[in-house]
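First the structure, in the form of structure tokens, and then the observations on it.
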Amino acid sequence: VIESRAAVIRDTSQPMTVEMVRFEDPHDAEIVVAVHTAALCHSDVFTIRGSWTKVPMIPGHEASGTVESIGPGVDGVAVGDKVIFNFIPPCGECHFCLRGQPVDCVRGMGDGTMLDGTTRARTRDGLELRQATRLGVFSERVVVHRDSVLVVPPDTDLRTASLLSCGFTTGAGAAVNLAAVRPGESVLVVGVGGVGAAALQGAVSAGAAMLIAVDVSEEKLDLARTFGATHTIDAREGDFSKRVLELTGGFGADKAMLCVGSAHPEQVVSLIASIAPGATAVLVGYAGEMSDMPIPPSAIGMSHKTIRGCRFGSDNPKRDQLHFLDLHNSGRLKLEEMITRTYALDEINEAVDDLESGRNCRGVIEFGGVS
Ligand SMILES: [Zn+2]
Ligand SMILES: [Zn+2]
């Protein structure tokens with residue numbers, strides 16, 4: 001039995017509790033990871049507040065850590081390895097994995113139980129405890145499937161690498177793979193939270209010439225310049241598409257990415273109006289709260305614009321995580337600059353409030369584990 005302090009959702013209308021929980025020893029192909037740093041990602045809010053969440057559950061899916069012990073039949077992961085977590089554990093053998101799309105693996109994100117449908121953790125009062133996306137990393141230690149982690153080199157800085165686990169790879173991957181930014185292009189990024197800051201950096205690494213950032217916060221626009229924005233637009237001044245057209249000689253941007261936590265219909269309309277004929281707009285943020293997707297017919301017909309969705313930045317997030325780690329190690333990515341506040345686990349509810357009110361680029365919880 002493994003004991004751990006963890007944040008637990010017992011009631012989605014109430015603050016989380018921080019309590020001692022118990023994990024069974026790892027089953028076949030499972031490992032125990034001591035969490036080092038866990039970042040708060042906007043999709044955590046949907047789990048923490050969502051009426052569909054099966055409680056009790058430990059939330060959290062964006063983190064790094066060190067392997068503490070391994071269960072039977074574990075290959076390719078050893079005690080002491082540094083890892084980053086993945087919210088989709090690709091099987092390598094299904095329809096989608098075999099065609100090079102592990103991001104769409106039929107295992108999916110799950111319902112908080114492990115791959116065999118059972119739970120591994122319990123509360124002290126004996127309730128079966130689910131782990132969000134089979135991870136639940138707002139916990140000092142977790143039992144997870146071996147496929148839910150990516151082993152990273154021993155010299156990896158676990159604090160900054162935690163961001164590569166979800167948000168950074170989503171935003172930068174969207175720029176590099178889905179918008180497929182080319183050298184010299186003009187690129188628009190709407191929303192400069194963690195995902196938007198990553199989209200900006202991905203666009204820089206791909207050779208964007210003009211990089212326009214849109215946000216409602218002066219601080220976020222300052223941050224955007226840190227991450228490579230050449231122009232900024234304060235969205236409080238109204239429809240940003242007019243300004244984008246001015247900046248791009250009346251043509252519109254070559255690529256655009258919507259990176260807000262919860263997208264609004266008018267943002268989608270402005271995004272599509274901001275791009276040139278033949279250009280591509282990527283909806284990077286979670287759009288599930290929109291009941292209707294307003295795509296103007298003029299964007300589809302003679303404007304031949306492309307509008308695409310995004311799941312985790314590409315077909316193959318683990319490949320991209322290693323590329324982005326290499327880029328960071330060679331000094332070409334600003335990850336530490338994205339971390340605007342560090343919390344203790346006991347401050348988890350405050351951290352979620354700050355996330356919801358857009359106060360942070362990225363907030364992280366430090367567990368002070370082995371580094
Ligand atoms: Zn995430
Ligand atoms: Zn698969």
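Does H264 fit the bill of being open to solvent by 10 Å² or more (accessible area, probe 1.4 Å) and farther than 22 Å from V45 by Cα? It is false that H264 is open to solvent by 10 Å² or more (accessible area, probe 1.4 Å) and farther than 22 Å from V45 by Cα.
Taken together, the criteria place I58 among residues that are buried (at least 19 other Cβ atoms within 10 Å of the Cβ) and under 20 Å from A344 (Cβ atoms).
Take the conditions closer than 18 Å to P154 by Cα and out of contact with any His (no Cβ under 9 Å at 6 or more places or on another chain) and apply them to I58. Does it pass? No.
Every residue, every condition in (1) under 23 Å from D147 (Cα atoms); (2) within 16 Å of ligand 1 (Cβ to nearest atom), yes or no:
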residue	(1), (2)
R10	no, no
Q14	no, no
T17	no, no
P26	yes, no
V35	yes, yes
R49	no, yes
V55	no, no
A63	yes, yes
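The helices (runs of 4 or more DSSP H) falling completely within region 283-371 that include 3 or more residues that are touching a residue at least 24 places away in the same chain (Cβ under 8 Å) map to 317-329, 348-356.
Take the conditions (1) in contact with a helix residue (DSSP H, G or I) (Cβ under 8 Å, 6 or more places away or on another chain); (2) within 16 Å of ligand 1 (Cβ to nearest atom); (3) among the small types (G, A, S); A179 misses just one of them, which is (2).
Within region 231-247, being outside any helix (DSSP H, G or I) and among the charged types (D, E, K, R) holds for D234, D239.
The set of residues in region 181-203 being out of contact with any strand residue (DSSP E or B) (no Cβ under 7 Å at 6 or more places or on another chain) and free of Cβ contacts under 8 Å to residues at least 40 places away in the same chain consists of P183, G184, G202.
Residue count for region 142-155 satisfying the condition of being out of contact with any Phe, Trp or Tyr (no Cβ under 6 Å at 6 or more places or on another chain) and more than 13 Å from A63 (Cα to Cα): 6. Scanning region 16-44 for residues that are assigned to a loop (DSSP other than H, G, I, E, B) and closer than 25 Å to V195 by Cα yields a count of 3. Of all the residues in region 122-154, those that are surrounded by fewer than 24 Cβ atoms within 10 Å (Cβ to Cβ), in contact (Cβ under 8 Å) with a residue 60 or more places away in the chain and part of a loop (DSSP other than H, G, I, E, B) number 5. Determine whether region 16-35 contains at least one residue that is within 16 Å of ligand 2 (Cβ to nearest atom) and open to solvent by less than 50 Å² (accessible area, probe 1.4 Å). The answer is yes; a qualifying residue exists.
Pairs are defined by a Cβ separation below 9 Å, a sequence spacing of at least 6 or placement on different chains, a first member in region 35-62 that is without any contact (Cβ under 8 Å) to a residue 12 or more places away in the chain, and a second member that is within 15 Å of ligand 1 (Cβ to nearest atom); the pairs so defined are W52/F46.
Which of the residues spanning region 86-114 are within 16 Å of ligand 1 (Cβ to nearest atom) and outside any loop (DSSP other than H, G, I, E, B)?
As a first pass, look at region 86-114 and keep what is within 16 Å of ligand 1 (Cβ to nearest atom): 86-89, 103, 108-110, 112.
The answer is V103, and nothing else.
Taken together, L327, L322, L345 contain a single residue that is open to solvent by less than 30 Å² (accessible area, probe 1.4 Å) and either at pLDDT 95 or above or of a type in the set (G, A, S) (or both), which is L345. Among the conditions (1) within 16 Å of ligand 2 (Cβ to nearest atom); (2) part of a helix (DSSP H, G or I), A199 misses just one, which is (1).
The values are calculated or read from the model by the stated rules, or taken from the named source; none is laboratory data. Because the structure is a prediction, the values reported are computed rather than measured. For neighbour counting, all protein chains shown are included, and Cβ atoms are generated from backbone atoms with ideal geometry for every residue, glycine included. The accessibility values were calculated without ligands, DNA or RNA, using every heavy atom of the protein model including side chains. Shrake-Rupley method; radii C 1.70, N 1.55, O 1.52, S 1.80 Å.
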